[in-house]
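Chemist: Quick one: the structure is below, and I'll ask about it shortly.
The values are calculated or read from the model by the stated rules, or taken from the named source; none is laboratory data. If you're wondering where the values come from, they're calculated on a predicted model, not measured in any experiment. As a convention, Cβ positions derive from the backbone with ideal geometry for all residues, glycine included, and neighbour counts pool all protein chains shown. These area figures cover heavy atoms from the full protein model, side chains too; ligands, DNA and RNA do not enter into them. Shrake-Rupley method; radii C 1.70, N 1.55, O 1.52, S 1.80 Å.
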Amino acid sequence: MKTSNTSTLVAGLIAFVCSVAAYVVLTARGLETTGLLAFVTPVIGALLVVSRLDSRSDAQDQALTQITRQTNGVLTSRIADVVGKELDKRFGTAPTDNPGLSAYDAGGGR
């Protein structure tokens, strides 16, 4: 959990505890609680939604970073193999022992 998630969660917890305490005090004194509930409910709901969106965004960022690393590594290797083969065809050089490194790259085609 990142700091922004923790701070949002703490703010939500504090708001919830304060609202419960205010509700208990108002109820004990026999005062109207409708205004309090009308104010507190959307505030706590918004804090919960923001906290959920932050945690979901963090998980998505981690997944996208992993996909990017995997994709870039695979694509780099595949591109090097294809380019090496095409250069070998074009310049008529023999393939090398190193996959992804054409004979052209190794100095055979220059």
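Chemist: From the set of residues in segment 86-110 that are charged (D, E, K, R) and surrounded by 14 or more Cβ atoms within 10 Å (Cβ to Cβ), which is modelled with the highest pLDDT?
Modeler: Asp88
Chemist: Which of the numbered conditions does Gly45 fail, given that it passes all the others? Conditions: (1) free of Cβ contacts under 8 Å to residues at least 24 places away in the same chain; (2) touching a Leu at 6+ places or on another chain (Cβ under 7 Å).
Modeler: So Gly45 meets the others, but not (2).
Chemist: On the given criteria, is Val40 at pLDDT 75 or above, of a type outside the set (D, E, K, R), open to solvent by 50 Å² or more (accessible area, probe 1.4 Å) and part of a helix (DSSP H, G or I)?
Modeler: So Val40 does not fit the description; no.
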